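Student: I have a structure I would like to understand better, so I am pasting it below and will then ask my questions one at a time.
All of the numbers you see were taken from the coordinates with simple rules; none came from a lab. Since the structure is predicted, the reported quantities are computational estimates derived from the model, not experimental observations. All Cβ positions, even for glycine, are placed from backbone atoms using ideal geometry, and neighbour counts span all protein chains on display.
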Amino acid sequence: MKFMDWLDERLAVRQLIKVMLTEYYVPKNINFLWSFGVLVMLVFAILVVSGIFVLMYYKPDANLAFDSVNKTIMMDVEYGWLFRHTHAVGASIMFLVLFVHMARGIYYGSFKAPREIVWITGYILFVLMSATAFTGYLLPWGQMSYWAAQTITTLFEKIPFIGPDLVIWIRGNYIVEDATLTRFFALHVVFLPLLLIVFTAIHLYAVRIPGSNNEDGIELTKEEKKHGKGIPFWPVFMAKEFFVMSVFLIFFFYLVFYQYKFAMDPINFTPANYLQTPTHIYPEWYFLAFYEVLRGFFFSQNLGLIAFVLSMFIAAFLPWLDTSPIKSGKYRPIYKILFWIFIADFVFLTILGKLPPTGLYAWLGFAGSLVFFAFFLALPILSKIEKKKVAGGR
Amino acid sequence: MAEEKVSRRDFLLYAMGAWAAVGVGGVLYGMYKTWEPLPEVKAQATVTFDISTVQPGEIKVANWRGKPVFILRRTPDMTQCKDRSIKDEYTVVLGICTHLGCIPNWEADKKIWHCPCHGGEYDACGKNIFGPPPRPLDVPPFKIEGNNIVLGEEGPEYKQMKEKGLTA
Ligand code: HEM
Ligand code: FES
């Protein structure tokens, strides 16, 4: 303990440990959904480590990239395939845990005061993570990589006035080319992960100020949590968390070893060819719902585009759309129904996103897109009703 | 005296702020410029293509600035058009879907282009006839020189089309 004393004198570590861990209390009335924040961090760590190892053989050059991934890393480097599969599965599972983490926040009203900043920084993390996944997907320079980048960058063309020039600027060429690959590489490997780390730090700091929300959505003071209604983050909460993590890792590595194919599209094993679009292209599963909103307004391209952008960002405004005084969905019967319709609709859109956008599917996509927005638009109305109820009940 | 000191400090702060803004502006501008296409990309020359080599009913693809240009020599059983036609029988269009930039495929049996991405369709003149594409396939800048077509240069025929708003 001498070393600790020495360190404490210089860095006040004892105080830090108390504030951050042993005297930071988590409510007792939370469930396993509250372990997903730490799971997100775990997956992020896995992505960083596996990323560093594939980076050691990856070559960011339009002529070399495809072979450096599909030959060197996959066939020549000992266990190279393991790190690539881990990285690809990790990216996919990242969005699964993120979606659960976000849905938890929506259901239990964790986005409401005093946690707006937690929500907003969280949302920024979601956007950054999407950008990281998108830029990373181009790097293997396969057909899916190429055409995903080509179509998504083309979206910017529709911005009034500057659109066409902006697209050329983003690509550094008239089409997606070597210049695009190298800049996406820089963003994916350095810039975006750096921002992710910074915003994760702010996010965690922001959770620590009001403390975690709970199933009942009724705020607990630190004193209440210290005396019976809570548990210390370290070691009690984390002990449970380690259990959840180990179960999660079994699932995760089961996917890496036996089911990795879902994260590696077969079309992407053909090298990029800018003169030939594959006959059926679609984004990775985690973007399908938003993609379906884009296609859902099949009769107007501009409407589709506006709806697409809106669908990606509208949830960021939840704290101002839902102003009901009741926080947790547990005590909001109508909200509960709306919430589950919304989740079902999201799954529905995800499935539709992979089907051809013709005939009945086109109309179903349109209907699904409307339901998506209806959830958010119903919230201000529901808030009004609930406000009256609460006022009347007192 | 005290007041004067404060105002002098304010002045310094503003001056420093302005100076920093100049610096930040300069840095951002420099960053912005690094993302522009390289000279070798910008200078990508025009492409010349001998269209008499295209057989009736055949379609050839020229590569201009990395973009495919479809050169179709129409046959009488295909959709006909006067305004978007070159030498009365050629359709010359950028092979990039006006929806989201995929490359449509020519379906010889139906005599249409079909876009694999979201099911858009164009007739033999490049006009959008089905699906999300908002407008016909673009006509690239061209100039006719005998049997040759020069892509990337604006000849009189192209300028005429452009004036009528038919090119994009
Ligand atoms: C890299 C991405 C992210 C990381 C590493 C992360 C990490 C965490 C952690 C460790 C917690 C505390 C434990 C817990 O309550 O689960 C937390 C809480 C929270 N996060 Fe995130 N998160 C991320 C992204 C997001 C996103 C995308 C959102 C939503 C837009 C979000 C919203 C929230 C909210 C509202 C809380 C408070 C929950 C409560 O107290 O009930 N986070 N986050
Ligand atoms: S890109 Fe061709 S229909 Fe969408």
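Student: Kindly put A:ASP178, A:ASP345 in sequence by how many other C-beta atoms sit within 10 Å of each C-beta, fewest to most. Present the calculation step by step, with values, prior to reporting the outcome.
Tutor: Numbers: A:ASP178 17, A:ASP345 20.
Least to most surrounded, the residues fall as A:ASP178, A:ASP345.
Student: Ranked by Cβ crowding within 10 angstrom, fewest neighbours first, how are A:TYR57, A:TYR79 ordered?
Tutor: Details: A:TYR57 17, A:TYR79 10.
If I rank by nearby Cβ atoms, fewest first, I get A:TYR79, A:TYR57.
Student: Continuing with the same structure: Select from B:ILE71, B:TYR90, B:THR46 the residue farthest towards the positive end of the dipole of the range B:39-102; place +1 on Cβ of Lys and Arg, -1 on Cβ of Asp and Glu, and compute about the Cα centre.
Tutor: Looking along the dipole axis, the top candidate is B:THR46.
Student: Another question, if that's okay. By counting other Cβ atoms within 10 Å of each Cβ, how are A:VAL89, B:VAL47 ranked from fewest to most? It would help to have the intermediate numbers written out before the result.
Tutor: On the way: A:VAL89 26, B:VAL47 17.
Ascending number of Cβ neighbours within 10 Å: B:VAL47, A:VAL89.
Student: Work out the FRET efficiency for A:TYR254 and A:TRP169 from their Cβ-Cβ distance, taking R0 = 51 Å, and round it to the nearest 0.05.
Tutor: Values: r = 43 Å, r/R0 = 0.85.
The value I calculate is 0.70.
Student: On to the next question. Going by the alpha-carbon gyration tensor, a ≥ b ≥ c the square roots of its eigenvalues, is the range B:7-158 rounded (a/c under 1.5) or, if a/c is not under 1.5, prolate (a/b greater than b/c) versus oblate? Present the calculation step by step, with values, prior to reporting the outcome.
Tutor: Details: a/c = 3.86, a/b = 2.43, b/c = 1.58.
In terms of gyration-tensor shape, prolate.
Student: Follow-up. ³J(HN,Hα) across the range A:63-80 via Karplus (A = 6.51, B = -1.76, C = 1.60, θ = phi - 60°), whole Hz, x for Gly/Pro?
Tutor: Per residue, the Karplus-derived 3J(HN,Hα) values read 7, 10, 4, 4, 5, 4, 7, 7, 9, 4, 5, 6, 10, 8, 5, 4, 6, x Hz.
Student: Which residue fluctuates most in the GNM of chain B (Cα springs below 10 Å): B:ASP123, B:ASP83, B:ASP138?
Tutor: Among B:ASP123, B:ASP83, B:ASP138, the largest GNM mean-square fluctuation belongs to B:ASP83.
Student: Can you compute the charge dipole magnitude of the range A:76-161 about its Cα centre, using +1 on each Lys and Arg Cβ and -1 on each Asp and Glu Cβ, nothing else charged? Give it in debye, rounded to the nearest 20. Before the final figure, lay out the partial values.
Tutor: Details: 5 positive and 4 negative charges, 81 e Å.
For the range A:76-161, the charge dipole is close to 380 debye.
Student: Take B:LEU28 and A:MET75, extend 7 Å from each Cα along the Cα→Cβ direction, and tell me the distance between the two endpoints in nm.
Tutor: A separation of 4.9 nm, rounded to one decimal place.
Student: Strictly over 29 Å apart at the Cα level, which of B:LYS60/B:LYS162; A:LYS222/A:LYS384; A:LYS71/B:LYS110 would you flag in this model?
Tutor: Working: B:LYS60/B:LYS162 23 Å; A:LYS222/A:LYS384 31 Å; A:LYS71/B:LYS110 40 Å.
With Cα atoms farther than 29 Å apart: A:LYS222/A:LYS384; A:LYS71/B:LYS110.
Student: Can you tell me the mean projection area, over all orientations, of the convex hull of chain A's alpha carbons? Units nm², please.
Tutor: Working: hull surface 95.0 nm².
Convex hull of Cα atoms, orientation-averaged projection: 23.8 nm².
Student: Calculate, axis by axis, the spread of Cα positions in the range A:107-223 along the three principal axes, and write the results as whole Å, longest axis first.
Tutor: Sorted largest first, the three principal extents are 61, 30, 21 Å.
Student: Quantify how strongly other chains surround peptide B:125-131 by giving the mean number of their Cβ atoms within 10 Å of each of its Cβ atoms.
Tutor: 1
Student: Just tell me which aspartates and glutamates come within less than 12 Å, Cα to Cα, of B:LYS111; anything on the same chain fewer than 8 places away is out.
Tutor: The qualifying aspartates and glutamates are B:GLU58, B:ASP77, B:GLU121, B:ASP123.
Student: Taking the Kirkwood radius as the inverse of the mean 1/r across Cα pairs, report the Rg/Rh of the range A:1-72.
Tutor: Details: Rg = 21.4 Å, Rh = 16.8 Å.
Radius of gyration over Kirkwood radius for the range A:1-72 works out to 1.27.
Student: Please return the longest range in chain A lying between exposed loop sites, taking GluC sites (Glu not before Pro), DSSP loop only, at most 16 other beta-carbon atoms within 10 Å, and leaving the sites out.
Tutor: The reported range is A:220-394.
Student: If the cut-off is 15 Å between C-alpha atoms, which aspartates and glutamates fall inside it for A:LYS28, apart from same-chain ones fewer than 8 positions away?
Tutor: A:GLU215, A:ASP216, A:GLU219, A:GLU223, A:GLU224, A:GLU241
Student: Based solely on C-alpha atoms, express the radius of gyration and the Dmax of the range A:233-314 in angstrom.
Tutor: 19.9, 58
Student: Compute the angle between helix B:2-34 and the longest alpha-carbon principal axis of chain B, please, reported from 0 to 90 degrees and rounded to the nearest 10.
Tutor: For helix B:2-34, the angle is close to 20 degrees.
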